[in-house]
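The values are calculated or read from the model by the stated rules, or taken from the named source; none is laboratory data. Please read all numbers here as calculations on a predicted model, not as lab measurements. Surface accessibility is based on the protein's heavy atoms, side chains included, excluding ligands, DNA and RNA. Shrake-Rupley method; radii C 1.70, N 1.55, O 1.52, S 1.80 Å.
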Amino acid sequence: MAGGGGGLTPGATYNLKLGSTWDQIPADLIHAVQYDFKPASIDPSQPGQMRPEPGSNGVTVLLPHKDTDESSEFKGNKQQTPKDCFLIVDKATNTIYLEKVSNTRP
């Protein structure tokens with residue numbers, strides 16, 4: 001995750017585990033979304049939507065705005081990313097999980 005360090009405590013010791021995405025699971029389980037611009041009006045506390053476009057590799061991402069019923073729409077194509085991973089930090093157990101990303105929408 002860009003910036004911030006994921007809330008890791010300096011000097012703490014964490015266990016690192018491979019997450020379930022390293023097992024035999026569907027290839028389209030986990031997706032990453034990349035974008036060059038995020039409007040300030042987007043509300044990060046609200047869930048967005050990601051919709052695949054039938055019959056293509058197209059994907060639409062909708063992110064709700066703050067204080068309105070409007071949302072920003074981002075369109076792109078999914079691409080396989082066999083080498084991309086991300087970390088999930090579980091502070092309650094001092095465990096970090098490494099997960100694979102299946103696809104990305106640049």
* Asked: To the nearest 10 square angstrom, how much accessible area does Ser20 have with a 1.4 angstrom probe?
  -> 70
* Surface accessible to a 1.4 Å probe, per residue, for the residues of the stretch 54-94, Å² -> 75
* Please list the non-local residues whose amide H lies under 5 Å from the amide H of Lys17, H modeled 1.01 Å from N, same-chain partners needing a gap of 5 or more. => Ile96, Tyr97, Leu98
* To do: Pull out a ≥ b ≥ c, the square roots of the eigenvalues of the alpha-carbon gyration tensor of the stretch 34-106, then state rounded if a/c is under 1.5, prolate if not and a/b is larger than b/c, and oblate in the remaining case.
  => oblate
* Asked: In what order, largest first, do Leu62, Leu18 sit by accessible area if the probe radius is 1.4 Å?
  -> Leu18, Leu62
* To do: Compute the length gained on full extension between Gln46 and Tyr14: take 0.36 nm times their separation in residues and subtract their Cα-Cα distance, giving the result in nm to one decimal.
  => 8.6 nm
